[in-house]
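The values are calculated or read from the model by the stated rules, or taken from the named source; none is laboratory data. Note that the structure is predicted; figures quoted are calculated from it, not measured. Note that we place each Cβ from the backbone using ideal geometry, even for glycine, and neighbour counts take in every protein chain shown.
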Amino acid sequence: MDFDPNDDQRAFLDVLEQMATGPDAAWGHDPDWKRYQWSPALDATLDENGFFDCAAEPDLGPVAGALMVMRLAELPVLVEAAASTLLRPRLAPDLPRPVAVMTGDGPAPFLPVARSVLRLAPDGVSAAVLDLGDVAAAESLFAYPFGQVGTPGAGWQAVDADPDTARDLWRVALAAELAGVLKGGLGAVLEHVRSRRQFGRPLGSFQAVQHRLAGASARIEGGAWMALRAAETGDAADAAQALGWMQASATRIVYDLHQFMGAMGLTLEHPLHRWTYRARWLKSALGGAEANLSLAAARTWGA
Amino acid sequence: MDFNWTDDERRFRDRVRAFLHRELPSDWAEVARHGPGSAEQTAFSRDFCPRLAAEGLLVPHWPAEWGGQGRPTWEHFILGEEMWAAGEPRGAQYMNVNWIGPTLMRYGSAEQQARYIPAMAAGNAIWCQGFSEPEAGSDLASLRTKAVPDGGGYVIDGQKIWTSYAGLAETCFLLARVPGAGDGKAAIAIFLVPMDTPGIEVRSIPSLIGHGDIHEVFLTGVRVPASARLGAEGEGWSIISYALANERVGIPRYELSSRTLSRMAARLKDEGRFDDPVIRARAGSAAAACEAARMLTYRAVSMRAKGQPAGPEANIARVAVVEADHAVSEFGMDFLPGAYTAGGGNGGADDAAILAHHERAIVAGIAAGAAEIQLDLVARRHLDLPRGAA
Ligand SMILES: Cc1cc2nc3c(=O)[nH]c(=O)nc-3n(C[C@H](O)[C@H](O)[C@H](O)COP(=O)(O)OP(=O)(O)OC[C@H]3O[C@@H](n4cnc5c(N)ncnc54)[C@H](O)[C@@H]3O)c2cc1C
């Protein structure tokens, strides 16, 4: 057991940290007050420097990939990391990115900015390279660019991968992203309750606030470690369990984060929604908490 | 990062399991049904711990000088997981192994060390921990039991409560306040008090966790020599902090919870009920709570293994451990209520194991400090939130 990153992972995370704290990663509201802010500059920098290929590097591996997905999800801006980092190298390394993922036929995140799409159907995995005109953007409350694709001009290509394995890779990616998103929101709320004073003291000095945030942090960190372990082991039960745990935790955490931000958290001038409305979509993914926890139980003890 | 056990660690765990398999009697589930502080388990531990010691498995992490082998932190931890999951056949003696022994090694006089440590290493010493009082629970530093200097020794008066193992212990690790030595924490001193000293009266408290587990201890004019004091008069609080730092991550409760949950799931499968999606989702949720607790605990142990102080990481782990214990216990009560009523279960070892788990789980958020105190510490140390108003 070693819960510290190895030297290569540490060096990798240090460089990632520089980018995650650089100007392309910083919060700024969208000129049209969109709920999300896609950062093509950060996405491109990460891409050009090979970050999205880390999971395939022997000294970095899927754990580094999951750590990167978490760190980027903490940002108020969006890049497409989960699919590119944890799915693409295993399923279709040659797909152009950004890569959107569809698990059903409806609208899906990232499609309007994606150059390819992976479709993870229960009976098979397929992929398509996207052309201009393949995707219709869709308005969504969730803080991602949503879009819908009919039949892509280039057509769907079958991907030679086991559909269950592919969905489990996606579960790990979603768990890591959800842990990161909630951590990002928690960080913003912590900053707020440390400085905002009411009744002559910081809000964060009230125990009612402290205990709920401390509980949130225990749940997020527990889930983050479970996601990292699932990334390393590739175990199917671990994957469903990590995602189910994060999804089950998210409901209460999202509620608390908004409560403690007060009215400011309901505006588009504060980024809280960037995290909570990604969390709200992520907690519904692949059937949501009960489906994933139930699957984890079936995989652990047999149906 | 690496979430796997090394071959050595695996072999060590196998060795502990093989020992338990060999040495625990066939009616162990019934014995373990009583709490770790019961007369049954205490009597059992007096026989079991010397065998564990002979096998080199009682204090393997202690230095050789004190009968140990200087084995690594992780092995000590694996030992704790296996013992707790087996129903803690060491009874009260797990405290000696984890913190009383190490604290005496560091702070004890030569005389105290010679008197107490070899017996602990041999597996034949029952101690109790006299901290809590009727008016001093979570706010331990407000304890009132007095130790008044008198003729080169002390006279101790006061009352302790919730004291586990007190009915059968030979020695008490007792906290008392020395008047005149300042207020608050500075006045607290530690005394190693033989329980047969005149003036000590022990009364068992009937409880939800089995008889003989928790007690009141009345101390009336209890005379002890100065040599019974551990460390200096003003040093008590820092010694306790050291002692408790050794216990930081606490009992690896998730290990028993996780195994009990597996028994419950197997039982539900036997009854043809495990394909119920509600039951399965709840089982999955309880299992996930156990794994979250496990990962957070390992995180803290991993730091300790590297000689880094695990502060807030240990507090977070304890919060998660409480949640996991309760998740499993409530799962059992919701879906296997028969196991908690005579005639309603399957009449086998499973019933005893499920009952025993429940009684251990309900104390998780209170014994060894309330969960809310841990949440306070997480908020302050980990989330950097300002201290609350007094
Ligand atoms: C099975 C068992 C075995 C025990 N064994 C021993 C032993 O061997 N030796 C020993 O000395 N003690 C022992 N104890 C006592 C244990 O340490 C205390 O019960 C514990 O410290 C809490 O104290 P209390 O019960 O007086 O609760 P209180 O301090 O009265 O608190 C009651 C509740 O109030 C809440 N609370 C308290 N303080 C705060 C706060 N600051 N902020 C928010 N909420 C708060 C918590 O929810 C807490 O559970 C044992 C307890 C149990 C249950």
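A few points about this structure:
- Selected residue (criterion: surrounded by the fewest Cβ atoms within 10 Å (Cβ to Cβ)) from residues of the stretch A:207-218 that are of a type outside the set (Gly, Ala, Ser) and within 7 Å of another protein chain (Cβ to nearest Cβ): A:Gln207
- Flag for A:Glu232 being touching a strand residue (DSSP E or B) at 6+ places or on another chain (Cβ under 8 Å), within 7 Å of chain B (Cβ to nearest Cβ) and assigned to a helix (DSSP H, G or I): yes
- Any hit, the stretch B:139-154, residues being within 14 Å of another protein chain (Cβ to nearest Cβ), within 16 Å of the ligand (Cβ to nearest atom) and hydroxyl-bearing (Ser, Thr, Tyr): no
- A:Glu191 meets each of the listed conditions (1) farther than 18 Å from A:Pro62 by Cα; (2) surrounded by fewer than 22 Cβ atoms within 10 Å (Cβ to Cβ); (3) at the interface with chain B (Cβ under 9 Å from one of its Cβ atoms); (4) not small (Gly, Ala, Ser) apart from (3).
- Selection of the stretch B:369-390 for residues being in a helix (DSSP H, G or I) and either of a type in the set (D, E, K, R) or more than 7 Å from every other protein chain (Cβ to nearest Cβ) (or both) yields B:Ala371, B:Glu372, B:Ile373, B:Gln374, B:Asp376, B:Leu377, B:Arg380, B:Arg381.
- Condition check for B:Ala169 on (1) under 21 Å from the mean Cα position of the chain (by Cα); (2) near the ligand (Cβ under 9 Å from one of its atoms): one failure, at (2).
- Residue, nearest to the ligand (Cβ to nearest atom), within the stretch B:326-368, restricted to residues that are within 14 Å of chain A (Cβ to nearest Cβ) and part of a helix (DSSP H, G or I): B:His326
- B:Arg380 vs. criteria more than 17 Å from the chain's Cα centre (by Cα), at pLDDT 95 or above and more than 16 Å from B:Gly250 (Cβ to Cβ): yes
- Tallying residues that are of a type in the set (S, T, N, Q) and closer than 16 Å to A:Glu232 by Cα within the stretch A:2-18 yields 2.
- Listed here are the helices (runs of 4 or more DSSP H) enclosed by the stretch A:1-80 that have at least 2 residues being in contact (Cβ under 8 Å) with a residue 60 or more places away in the chain and under 15 Å from A:Gly180 (Cβ atoms): A:61-73.
- For the stretch B:14-32, residues that are over 21 Å from the mean Cα position of the chain (by Cα) and either modelled with pLDDT of 90 or more or part of a helix (DSSP H, G or I) (or both) total 9.
- Which numbered condition A:Ala263 fails, given (1) within 14 Å of chain B (Cβ to nearest Cβ); (2) assigned to a helix (DSSP H, G or I); (3) of a type in the set (Gly, Ala, Ser): (1)
- Output for the stretch B:373-390, where each listed residue is within 11 Å of the ligand (Cβ to nearest atom) and either without any contact (Cβ under 8 Å) to a residue 40 or more places away in the chain or not assigned by TED's automatic domain parsing to the domain that holds B:Glu323 (or both): B:Asp376, B:Ala379, B:Gly388, B:Ala390
- Residue count for the stretch A:282-296, restricted to those that are within 9 Å of A:Gly244 (Cβ to Cβ) and either touching a residue at least 60 places away in the same chain (Cβ under 8 Å) or crowded, with 22+ Cβ neighbours inside 10 Å (or both): 6
- Of all the numbered requirements in (1) at pLDDT 95 or above; (2) within 16 Å of the ligand (Cβ to nearest atom), B:Ala110 misses one, and that requirement is (2).
- Counted as qualifying within the stretch B:185-257 are the strands (runs of 3 or more DSSP E) with 3 or more residues that are buried (at least 21 other Cβ atoms within 10 Å of the Cβ), namely B:188-194, B:214-225.
- Meeting the requirement of 1 or more residues that are in contact (Cβ under 8 Å) with a residue 40 or more places away in the chain and over 18 Å from the mean Cα position of the chain (by Cα), the helices (runs of 4 or more DSSP H) wholly within the stretch B:33-147 are B:39-54, B:101-107, B:110-122.
Rundown of residues vs (1) more than 16 Å from the ligand (Cβ to nearest atom); (2) of a type in the set (D, E, K, R), yes/no style:
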site: B:Ile200; (1), (2): no, no
site: B:Ala232; (1), (2): yes, no
site: B:Glu235; (1), (2): yes, yes
site: B:Met264; (1), (2): yes, no
site: B:Glu271; (1), (2): yes, yes
